[in-house]
Amino acid sequence: MSRWLKRSFDSLPLWMFASVLLGFLLSHPYAHSQVTEVRPIDVLSMLHSGSVLRTSVPPATSDSLNPFDGNPNSDQLVTGSDTLVLTLLFNTSIRVSGSKVFCGSVGRWWLEAANSLSDLDSRTGSYALLANGRPFLYRAWDSVAFPEVNAQFLRFRARDTVYGSYIDLGEWTLMNNVTFTKLAILPYPPRVIPGATLNLHVGMLDSAGTFYPYTLSYPIEWSTDDASVASVDPNGRLTGVAPGTTVVRAETGPPFLKGSAPVSVDPTFVGEKVAPMTVKVALVLIDPPLNDFGGEPMHVKYHWRDPVVLSNRLVALFREASDSVLHFVIDTTISATRLFTRVQGTFPTVEQFEAWLDEPGWPTLKAASDAGTIAFDYREMVRHYHLDSLRNHGRIDEVWVYAAPYMGMYESQLMGPKAFWWNSPPIRNGTALTKLLSVMGLNYERGVDQGFHSFGHRMESAMVHAYEEVQGRPWNDTSVHPTPWDLFTRIQKDVPNGSHVGNIHFPPNGTHDYDYGNTTLVTSFAENWFRYPYLLNQTHPVNVSTWVYSPADYLAEGQDHLGYLSWWYNHIPRYAGVTDGVLNNWWMYFLDFDSAMVLAKQIPPVGISETRDVVPVEFRLEQNYPNPFNPKTVVSSQLPVASDVRLVIYDLLGREVATLVNERRSAGSYRDSFDASGLASGVYFYRLTAGSFVQTKKMLMLR
C-alpha cells in the first residue's frame, strides 16, 4: 500500500478505512495514474533537426527562426506588406491543442491546419480553421485553445489592420496536451560507492515514452528495497552502504505517478567513454620565406619555435588529455606566401612586415596595435584557400593558423551563418560557409602551453553557449541552482569548500589569474568528473603538485601552466548519454557544436532508452521528405552501430552535386537537410554509404 494512503488513513477505524480505500481505488485506478498538461511544442528544435520545414510570404529579412526561439524581443519584421503568412510542414502529423502569439504591432491573426498542402490552400477536405481573425495588440500575448487536432501542415496568417504595411511577429507558439504516465529517476541507473552519496532527481515520461523535466508541484517520496545495500533520504540523496544491487523507488502524492531504477553499489567505477573522434585540421602556416635570409621561413630568422613541431605537440597533448577520445589529424597543410593581416586597412607585403619586426622593440607594430589598426582578415583567408568549400563538403573540420606576433588574430574565431561568441565576436557572413568553422589563431613566438591555453577558452565558449541554448542560463559558478558547467568550473575562492575543476585562468585553489603554481591545498570534487553524470560527494586535496608531473617540471618555466591545462582537459566529460539536455560528451560541442545540439535531441537521458527504441536495429535509408520538393527536403537514415558515413547527391549523369555528410557518426537516427537552390528541376539520386552498407534512392525537385 502506498505510504501516501497509509498516512491519510492511519487514524480511521478499520471498517471505515476499508470502505474509504475501496471507494478510492474504484474511482482512482492507481496502476493507471496519469497527469495531463498543456505544453509548448519545441518547433525550434524541429526546425534545427529538419523534421519540419518552414516557408514565409513575404520572405523573412531577419533570422527566420526568431518567431520560434522563445524570445519575444527577437522578431520577424514585415514592411511594405499588410500580410505575413508562415507555413510549417512537419515530417509526420503532430497533435496541436492551442497556440499563442506575441506581436510588436497591431492587427489580426488566423491559424489553419490540414494534412495536405492542397487541402490547406483550397480550405477543403482535412482543412480546419483553428483561430479566426483574433486581434493582437502591441507587445501583448494572445492565445487560443481548441479541441486537439492532428495535422501535418499548419499556417499562421497575420494582417496589419492599422497601417497596412507593418507586421512585427515576436513569437508564434504551438501547444499540445501531454499525458505523463510515470517518473524517470536520474541519473539512470543510479551508481554509487560505499560511504558516498549521489543526489537523485526525477523527470517524467509521457505516454509515448518522451522525457520531460519534472515540473509538478507534488513532493517526491523516496525508498529503496534493501537499505543494507543503499539508502535514500527524503531529499533524494542516495547513499551506498555495501557492494551489491537494489532498487530505488520514487512516487508522488495524488495522482500517484511512480518510477523505479536499479541501483548498483560498486567499490569503484568510471564513466563509459564515447568512441574516439577524428578531427581533420587544415594547418595554415603564415611563416613566409624571407628573401634577405636565404629563403628561410620567418620563424627561423627571429629564433621562434617551429610551427609544425608545435602543431604536432598539440595533437599529442590533446590525445593524452582527452583519454584518447580526441584525435586531431593534420589533414591539409597550407604554406602561405602572403599575409592576411590588414594594417591601417591594407595588406602589407612580407617585406614591409619584416621591416617592422626588425625595428628594436617593434614600435610601429605596437603603435598600430594600440590604435586598433591591426586586424586579421579571416574572410579573405577563407576565400583565398577555399576553406569554406572544404568545410562544407566535409573535407576539413577546422583550421589552425600559425602566425607571427602582431598579425592580429584572436585565439579562437567561429565563422558561419550561425556562429556565436568563440572567445571573439562571430563572423557570420562574407564567405560561402554553410557550416560552422572554428579557426584557431596560434603564435609560433609562444610556447605550446600558451597555444594549449587558447583551446581552453574555446571549450569555455562552447559549453557556456550549450547551456544557454538548452537551459537559457548564463555561466554562474556561484549559482544556488548550478548547471553541470557551473559546478565543473567552481573554485575555492568563489565557493569555499565547494571547488571542482576550475576554469582556464583559475585552478581550484587559485586566487588570481594564471595562479597555476599555487601550493595551497584545498579540497575539491574534481575526481568525481571521471564518473559524470554520477557526481558523488567525495573530495580530494589538490594543489600545484596535483597537476605538475614532477618537482623538476615545477621548476621548469611554464610547466605548472601546461600541467594544469592537461589536468583540466583530462576532467572534461567524454561519456555516453545526455544530462539536462546536454551531451555527457562535452568534447562534441568543442569540435562540432551544431552536430552536438542535434545529437543531444535525438537521444534521451541515460537509461531512459528502455522506454523508447532509440538505437536502430538495422541500417536504413528512408525516402526523402517532402518528395517532390522545392527547393529543400530532408533525408532520414538509421545506423545500428557507429560508422563512417557518406551521404552524397548525384544528378542523372552520375555527377556529384552535393555531399551532405562525410563523417563518423554514432549509432542512432539522423535527418539531413538538402537545399537544392541553384540546381535545375529534375531527377536526382542520393546514396548512403555506412561501412559496408550502401543504398541509393531517387528524388524529384520541381520548381
Quiz prompt | Nonlocal amide H pairs with residue 657, under 5 Å, H built at 1.01 Å | solution = 649, 650, 651
Practice problem: State the dimensionless ratio Rg/Rh of segment 132-198 (Rg: radius of gyration of Cα atoms; Rh: Kirkwood radius). | Solution: 1.29
Practice problem: Name all residues of segment 258-280 having a backbone nitrogen under 16 Å from the label point set 7 Å from the Cα of residue 324 along its Cα→Cβ direction, giving them as ranges. | Solution: 271-278
Quiz item: Can you give me the relative contact order of the chain as a percent, contacts being Cα pairs under 8 Å and 6 or more apart?
Solution: 9 percent
Quiz item: Going by average Cβ neighbours within 10 Å, how do the peptides 341-348, 463-470 rank, with the highest at the top?
Solution: 463-470, 341-348
Quiz item: Ratio of segment 327-448's C-alpha Rg to 2.2 N^0.38 Å, to two decimals?
Solution: 1.09
Quiz item: Long-range amide H contacts for residue 209: which residues qualify at under 5 Å (H placed 1.01 Å from N, peptide plane, sequence gap of 5 or more or a different chain)?
Solution: none
Quiz item: Hey, if you drop one equal point scatterer on each alpha-carbon of the chain and run the Debye formula without solvent, what base-10 log of I(q)/I(0) do you get at q = 0.10 Å⁻¹?
Solution: -1.17
Quiz item: Roughly what would the spin-label model give for residue 57 and residue 71, points 7 Å off Cα along C-beta, in nm?
Solution: 3.0 nm
Quiz prompt | Area accessible to solvent at residue 212, 1.4 Å probe radius, in Å² | solution = 50 Å²
Quiz item: According to a simple spin-label model (label point 7 Å from Cα along Cα-to-Cβ), what is the distance in nm between residue 93 and residue 34?
Solution: 1.8 nm
Quiz item: Rounded to the nearest 500 deg cm²/dmol, what is the calculated helix-only ellipticity per residue at 222 nm for the chain, with -39500 (n - 2.57) per DSSP H run of length n ≥ 4?
Solution: -6000 deg cm²/dmol
Quiz item: Which peptide among 271-282, 356-367 comes first, and what is the full order, when sorted by highest mean count of other Cβ atoms within 10 Å?
Solution: 271-282, 356-367
Exercise. Evaluate 2.2 N^0.38 Å with N set to the residue count of segment 397-540, then give the Cα radius of gyration divided by it.
Key: 1.18
Quiz item: Compactness ratio of segment 457-549: Cα Rg over 2.2 N^0.38 Å, N = residue count?
Solution: 1.06
Quiz prompt | Mean separation of Cα contacts under 8 Å, 6 or more apart, over the residue count of segment 71-183: relative contact order % | solution = 46 percent
Quiz prompt | Listed pairs 366/493; 418/601; 435/697; 366/435 exceeding 27 Å between Cα atoms | solution = 366/493; 366/435
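Kirkwood Rh, segment 615-703, all Cα pairs: how many Å?
Computed over Cα pairs of segment 615-703, the Kirkwood hydrodynamic radius comes out at 13.1 Å.
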Quiz prompt | Efficiency of FRET from Cβ geometry, residue 471 and residue 137, R₀ 25 Å, rounded to 0.05 | solution = 0.20
Practice problem: State the Cα centre-to-centre distance between segment 303-332 and segment 492-516 in whole Å. | Solution: 27 Å
Practice problem: Would you please give the FRET efficiency between residue 576 and residue 618, computed as 1/(1 + (r/R0)^6) with r the Cβ-Cβ distance and R0 = 22 Å, to the nearest 0.05? | Solution: 0.55
Quiz item: Cα to Cα, under 17 Å, and not fewer than 8 places away if on the same chain: which aspartates and glutamates meet these conditions relative to residue 632?
Solution: 622, 651, 672, 675
Quiz item: Using bins 5 angstrom wide from zero, how does P(r) for segment 304-390 break down, in % of all Cα pairs?
Solution: 3, 11, 15, 16, 17, 16, 12, 8, 3
Exercise. Could you quote the convex hull projected area for segment 322-362, Cα atoms only and averaged over all directions, in nm²?
Key: 5.7 nm²
Quiz item: residue 630 to residue 377: FRET efficiency via 1/(1 + (r/R0)^6), r the Cβ-Cβ distance, R0 60 Å, to the nearest 0.05?
Solution: 0.95
Practice problem: Pull out the extension gain between residue 675 and residue 42, defined as 0.36 nm times the separation in residues minus the alpha carbon to alpha carbon distance; nm, one decimal. | Solution: 225.6 nm
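The values are calculated or read from the model by the stated rules, or taken from the named source; none is laboratory data. Keep in mind that what you see is a predicted model, and the values were worked out from it rather than measured. Cβ sites come from the backbone with ideal geometry, for glycine too, and all protein chains shown count toward neighbours. SASA here: full protein model, heavy atoms, side chains in, ligands and nucleic acids out. Shrake-Rupley method; radii C 1.70, N 1.55, O 1.52, S 1.80 Å.
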